[in-house]
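For reference, the structure is listed below as structure tokens.
Rule-based calculations on the coordinates, nothing more; no lab input. The structure presented is a predicted model; accordingly, all values stated were derived computationally and were not measured. Cβ sites come from the backbone with ideal geometry, for glycine too, and all protein chains shown count toward neighbours.
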């Protein structure tokens, strides 16, 4: 086939790369903000131009053909060069405008909007694209260079990235507000061997940290339900289905409202860090570089000064005396949330009245 006979477009290459990355037309369409038929049409047109089948279907799954693997290598290179060209041109206009594309781990969405708000106030011409997803998708986005940068709890081992820790991420034990542990201090770690733990999906950074922690301390872990989100784990713990371990950033509101507790168990919290990362050698746009510098230099200080993000979440962490356990609201509803038995104070030292009973 002669070059003059080919009319391959960047849009076709983008659609092909998205489908090749996800091996799913549906997920590729979601990434590109297109309909699934539109993505399918782009692929058909590309295959027609190249005279080769790029995908084959086996059952309900699609796979790249040998030709598809070859085209994928060239498509990624071409799209990367176009991206580098856009970055170089954007740098000529400085930080006045631009697009910042970032993906964050599900737990990071508890603090990421606060940081983005401050950053966008400094650079009002910036258009931000934020994706909140699980670790598996974050690693895939890094590997395929889909976003400018990623915020997650642990750099992947199988992708060559440049990463920097910008903030501590303590993992704490969470229990129902009236669990017996809430009445004790300095609880021995071995007592956790008798508790059931709710866990995130396989591949989750928090789950891996949990399993490593129990292994290092030679404590058997009774694994209960596998739950796909932090919110679902919190609700399940409130319902008395087991205990959990998660980022302190994820439970601040529940601690304030006495819906959950963070018992004082020895060797907790499990100290981890939040990282910002991107593919090694990636040429960041000026605005992406500015956001990376902002995270590394200022994020921890900003969030540690925010009472609703840190101070309230420390009410029942192991560094602070545990609160008195509330009285169960009913004998037949063992873990029903009870009204707070303590007084919250604001920055001025004045009491904050509890929320009215619903």
Shape box of region 37-125 [Cα atoms, principal axes, largest first, Å]: 50, 35, 22
Inter-label distance for residue 70 and residue 97, nm, one decimal - labels placed 7 Å from Cα along Cα-to-Cβ: 4.2 nm
Potential extension, residue 117-residue 188 segment - 0.36 nm per residue separation minus Cα distance: 21.4 nm
Convex hull volume per residue in cubic angstrom - Cα atoms of region 168-272: 93 Å³
More than 17 Å apart - percent of Cα-Cα pairs taken over region 10-75: 31 percent
Spin-label pair residue 216/residue 63, simplified geometry with 7 Å Cα→Cβ offset, distance in nm: 4.0 nm
Alpha-carbon Debye profile of region 64-197, log10 I(q)/I(0) at 0.10, 0.14, 0.19 Å⁻¹: -0.55, -0.86, -1.25
Label-point separation in nm, residue 129 to residue 23, each point 7 Å along Cα→Cβ: 2.4 nm
Full-extension gain in nm, residue 52 to residue 85, via 0.36 nm per residue minus C-alpha separation: 9.0 nm
